[in-house]
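Asks: Below is one structure. I have some questions about it.
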Amino acid sequence: MDVSKLKEEYRNLKTCNSPVEYYTEKEINQKFSFSKAGVLVTDNDAEINPYKHVHLLIEKAVSKGVRVYAKTKINGQILKENQIQLFTETGHTVHAQTVIFATGYEDQEEVKDKNAVILSSYAIATNQIADQAKWMII
């Protein structure tokens, strides 16, 4: 974890008057059941089931004509002015004007793409936790 980037995001959020707190490793250990070098805690956030949410988004996109190729490994791509060609591991070619790669935000760290934009700087996904007492801020 890059604590300096986390602190920079904290300062940026504070500048915009966002309700945010920065917790140090010591504060995290006191309040939560996990340990990290730093964390941002925000108010008024939503809690959703990410699996259900993503599948509903996909369902809505399909109803509007988007074609979805789930579990498709891409071996290569050719970018042209107004089109992209994707080559699958099974030998198929997909031609498109727009492509959404739903692979997770950390993928951008591996593949530097000047046209890619990260829309979220964080994510937490866990199995359901029976005892959330240490997750609640007192």
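Asks: For residues in segment 1-10 being charged (D, E, K, R) and surrounded by 12 or more Cβ atoms within 10 Å (Cβ to Cβ), which is nearest to the chain's Cα centre (by Cα)?
Replies: E9
Asks: Could you please tell me which pairs satisfy a Cβ distance under 6 Å, a separation of 6+ or placement on different chains, a first residue in segment 41-62 that is under 30 Å from E27 (Cβ atoms), and a second residue that is open to solvent by less than 100 Å² (accessible area, probe 1.4 Å) and hydrophobic (A, V, I, L, M, F, W, C)?
Replies: Hits for this filter: T42/V20; P50/A125.
Asks: Starting from segment 11-32, take each residue that is in contact (Cβ under 8 Å) with a residue 24 or more places away in the chain and hydrophobic (A, V, I, L, M, F, W, C) and list its partners that are open to solvent by less than 60 Å² (accessible area, probe 1.4 Å) and not in a strand (DSSP E or B), counting only C-beta distances under 9 angstrom and pairs at least six apart or across chains.
Replies: The qualifying pairs do not exist here.
Asks: Exactly one of (1) under 30 Å from E8 (Cα atoms); (2) open to solvent by less than 80 Å² (accessible area, probe 1.4 Å); (3) free of Cβ contacts under 8 Å to residues at least 12 places away in the same chain; (4) within 21 Å of the chain's Cα centre (by Cα) is unmet by V68. Its number?
Replies: The number of the failed condition is (1).
Asks: Next question, about the same structure. So H95 fits all but one of (1) in contact with a Ser or Thr (Cβ under 6 Å, 6 or more places away or on another chain); (2) modelled with pLDDT of 90 or more; (3) of a type outside the set (A, V, I, L, M, F, W, C); what number is the exception?
Replies: With (1) in contact with a Ser or Thr (Cβ under 6 Å, 6 or more places away or on another chain); (2) modelled with pLDDT of 90 or more; (3) of a type outside the set (A, V, I, L, M, F, W, C) applied to H95, the lone miss is (1).
Asks: While we're here: Of the conditions (1) open to solvent by less than 100 Å² (accessible area, probe 1.4 Å); (2) among the β-branched types (V, I, T); (3) modelled with pLDDT of 65 or more, I100 fails just one. Which one is it?
Replies: (1)
Asks: Additional query: Return the residues of segment 16-27 that are surrounded by fewer than 13 Cβ atoms within 10 Å (Cβ to Cβ) and either among the aromatic types (F, W, Y) or at pLDDT below 90 (or both); say none if nothing qualifies.
Replies: Scanning segment 16-27 gives C16, N17, P19.
Asks: Of everything in segment 36-57, what is surrounded by 10 or more Cβ atoms within 10 Å (Cβ to Cβ) and either among the polar types (S, T, N, Q) or closer than 16 Å to A96 by Cβ (or both)? Give them in sequence order.
Replies: T42, N49
Asks: When you go through (1) open to solvent by less than 60 Å² (accessible area, probe 1.4 Å); (2) in contact with an Asp or Glu (Cβ under 8 Å, 6 or more places away or on another chain) one by one for L86, which number turns out not to apply?
Replies: (2)
The values are calculated or read from the model by the stated rules, or taken from the named source; none is laboratory data. Note that the coordinates shown come from a computational prediction; the quantities given were computed from them, not determined experimentally. Using ideal geometry, Cβ is built from the backbone for each residue, glycine included, and neighbour counts are taken over all protein chains shown. In case anyone asks, the SASA skips ligands and DNA or RNA and just uses the protein heavy atoms, side chains included. Shrake-Rupley method; radii C 1.70, N 1.55, O 1.52, S 1.80 Å.
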